[in-house]
Amino acid sequence: MKSRKNLTRFTYETTAFQGWRLCLSRTGTTFTKYFSDKKYGGERKALKASDGALNELRDLLDKSRKVNGKLSKSTIAKAHKLLKAA
């Protein structure tokens, strides 16, 4: 499977990790989470989980308020909590 915008596929044979990396940046803050094939039960299931988390994160960040052009601390905390639960 090919990578998509904000989702990158890692399938290197020389590393222990195989799966998807979600990486999204907004107003100077970067959010990253790895979705392992092993943890989620395969490549497609890891992709589905990462895609769902990406959509939820985008919704949260697009609807959030900004303070001096940056994301508020509460929004950043909510985003980290959302990614931790994914």
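Please treat every number below as a calculation from the coordinates, not as lab data. Every value quoted in this text rests on a predicted model; they were computed, and no experiment measured them. All Cβ positions, glycine included, derive from the backbone under ideal geometry; neighbour counts span all protein chains shown.
Loop by DSSP (not H, G, I, E, B), at most 13 other beta-carbon atoms within 10 Å: where is the longest site-free stretch of the chain for trypsin sites (Lys or Arg not before Pro)? All intermediate terms of the calculation are to be shown ahead of the outcome.
Details: sites that count: LYS2, LYS5, ARG65.
Between the exposed loop sites, the longest stretch runs 6-64.
Considering only C-alpha atoms, what is the centroid distance from segment 60-81 to segment 18-32, in Å?
Segment 60-81 and segment 18-32 have Cα centres spaced 14 Å from each other.
I want the local charge near LEU83. Using Cβ-Cβ distances under 11 Å, sum +1 for each Lys or Arg and -1 for each Asp or Glu among the other residues. Kindly include the intermediate steps, with their values, before the conclusion.
Working: positive: LYS33, LYS78, LYS81, LYS84; negative: GLU56.
Here the count lands on +3.
Round to the nearest 10 and give me the degree value, 0 to 90, for the angle of helix 73-85's Cα axis relative to the longest principal axis of the chain.
20
Determine ³J(HN,Hα), in whole Hz, for all residues of segment 11-16 in sequence, where each value follows from phi through the Karplus function 6.51 cos²θ - 1.76 cosθ + 1.60 and θ = phi - 60°; x replaces Gly and Pro.
3J(HN,Hα) across segment 11-16, in whole Hz: 9, 6, 6, 8, 10, 7.
Straight-line reach only, C-alpha to C-alpha below 16 angstrom: list the aspartates and glutamates that LYS33 could link to, leaving out same-chain residues fewer than 8 apart.
Within the straight-line limit of under 16 Å, LYS33 reaches these aspartates and glutamates: GLU43, ASP51, GLU56.
Tell me the GluC sites (Glu not before Pro) within the chain that lie in a loop according to DSSP and have at most 13 other beta-carbon atoms within 10 Å. Kindly include the intermediate steps, with their values, before the conclusion.
Numbers: sites: GLU13, GLU43, GLU56; in loops: GLU13.
Answer in residue order: GLU13.
Using a cut-off of 28 Å between alpha-carbon atoms, which lysines can reach LYS39, once sequence neighbours fewer than 8 places away in the same chain are excluded?
LYS2, LYS5, LYS48, LYS78, LYS81, LYS84
Principal axis lengths of the chain from Cα atoms, whole Å, largest first?
On the principal axes, the chain reaches 44, 20, 19 Å in Cα extent.
What is segment 30-86's relative contact order, in percent, from Cα pairs under 8 angstrom and six or more apart in sequence?
Working: 32 pairs, mean separation 18.8, N = 57.
Once divided by the residue count of segment 30-86, the mean separation gives 33 percent.
Relative to the longest principal Cα axis of the chain, at what angle does helix 43-63 sit, 0 to 90 degrees, rounded to 10?
10
Please give the charge dipole size of the chain, origin at the Cα centre, charges +1 on K and R Cβ atoms and -1 on D and E Cβ atoms. Round to the nearest 20 debye.
Result for the chain is approximately 320 debye, rounded to the nearest 20.
What residue among THR75, LEU60, THR29 has its Cα farthest toward the positive end of the dipole of segment 7-85, where the charges are +1 on Lys, Arg and -1 on Asp, Glu, each on the Cβ?
Checking the options against the dipole of segment 7-85, the answer is THR75.
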